[in-house]
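Colleague: Right, I'll just put the structure down here and ask away after.
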């Protein structure tokens, strides 16, 4: 068995796509447009993410997934990008050999950026 992808329900497809492309640096692989829905598959540097937009989608309720984490080379650089997009994030903190922050996406999804550090 091999991992396939993560599907995320979205409310506003255009702002969500902008967020995933510019903040999370995901690349569009496939974009399926149907009369009542749109499915956009993204490559998150090796992890496939499916954005699922349906006309009847309403505010996203928190689910069983706590957060989605992305490894980054420079947390400071990513915080600058978040600042440019007016995305609020937690205070950076050290956990083991990593420096991390948390922030919310446009559909109430929670993200974490993780930078490896030497201690």
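Here, each number is a calculation from the coordinates, and none is a lab measurement. What you see is a predicted model; the values in this text were computed from it and never measured.
Colleague: Please determine, in degrees from 0 to 90 and to the nearest 10, the orientation of helix 75-84 with respect to the longest principal axis defined by the Cα atoms of the chain, where the helix direction is its Cα long axis.
Modeller: 50 degrees
Colleague: Against the globular-protein guess of 2.2 N^0.38 Å, express the Cα radius of gyration of the chain as a ratio, rounded to two decimals.
Modeller: This ratio for the chain stands at 1.11.
Colleague: Using all alpha carbons of the stretch 11-80, what is the percent of pairwise distances in each 10 Å bin, ordered from the shortest bin to the longest?
Modeller: The percentages, shortest bin first, are 17, 46, 32, 5, 0.
Colleague: Right, here's the next one. As a check on your grasp of the helix formula, calculate [θ] at 222 nm for the chain: sum -39500 (n - 2.57) over DSSP H runs of n ≥ 4, divide by the residue count, round to the nearest 500. Display every interim value, and only then the final one.
Modeller: Numbers: 2 runs with 20 residues, N = 119.
Computed mean residue ellipticity for the chain: -5000 deg cm²/dmol.
Colleague: Would you mind pulling out the separation of the Cα centroids of the stretch 64-119 and the stretch 6-62, in Å?
Modeller: 20 Å
Colleague: Quick check on the stretch 6-116: of the DSSP beta bridges with both residues there, what percent are antiparallel, nearest 5%? Write down the numbers at each step before the final one.
Modeller: On the way: 24 of 33 bridges.
Restricted to the stretch 6-116, the bridges split so that about 75 percent are antiparallel.
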